[in-house]
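The values are calculated or read from the model by the stated rules, or taken from the named source; none is laboratory data. Just so it is clear, the structure is predicted and the values come from calculations on it, not from any experiment. Because the Cβ atoms are built from the backbone with ideal geometry, glycine has one as well, and the counts that use them run over all protein chains shown.
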Amino acid sequence: MNKVFLDADVVLDLYVERQPHHNIALRLFTELKRSKTNCYTSALVVANVYYVLSKIESRQYAIDKMRRLRSLVAIASIDESILDDALASPYKDFEDSIQFYCAVQSGIKTIITRNTRDYPKGRLLVADPMQYLNANALEKKG
């Protein structure tokens, strides 16, 4: 079963309607839902997205969007071993390290993010939304 991990930037692109990324995020979420892909994120992503949305819009807007997000994604657990791995990681972005090890521990093979450069290469597929959409389109043709 195909499982993907959605990073905060992709969720924010959708809900904040950040241009030029909103349309691609909308296409991504539509395709993930249509293909019944198992989508995951972490509680850390939910908390960070909520915080940003509540500052930009309102608390109620943020709550409504988080409820919508929860209907689309499952939450991959973060435990002390993930935090320890992230703390021991040589990568500069601690938050991305947490997301990476969260995905690894949950058996997720793909992380979708616009911030691909801060994730380690090789162990998981790290793709931006357009790369992911293009790869899936090629898969369907092949």
- Mind listing just one residue for me: the one in region 54-86 that is of a type in the set (Asp, Glu) and part of a loop (DSSP other than H, G, I, E, B) and, of those, surrounded by the fewest Cβ atoms within 10 Å (Cβ to Cβ)? Asp79
- Message: Is it the case, given these coordinates, that Ala25 is in contact with a Pro (Cβ under 7 Å, 6 or more places away or on another chain) and small (Gly, Ala, Ser)?
- Response: yes
- Within region 1-49, how many residues turn out to be aromatic (Phe, Trp, Tyr), closer than 15 Å to Arg68 by Cα and in a strand (DSSP E or B)? 1
- Message: I'd like to know if region 114-122 contains one or more residues that are touching a strand residue (DSSP E or B) at 6+ places or on another chain (Cβ under 7 Å), within 21 Å of Leu14 (Cα to Cα), part of a helix (DSSP H, G or I) and modelled with pLDDT under 95.
- Response: yes
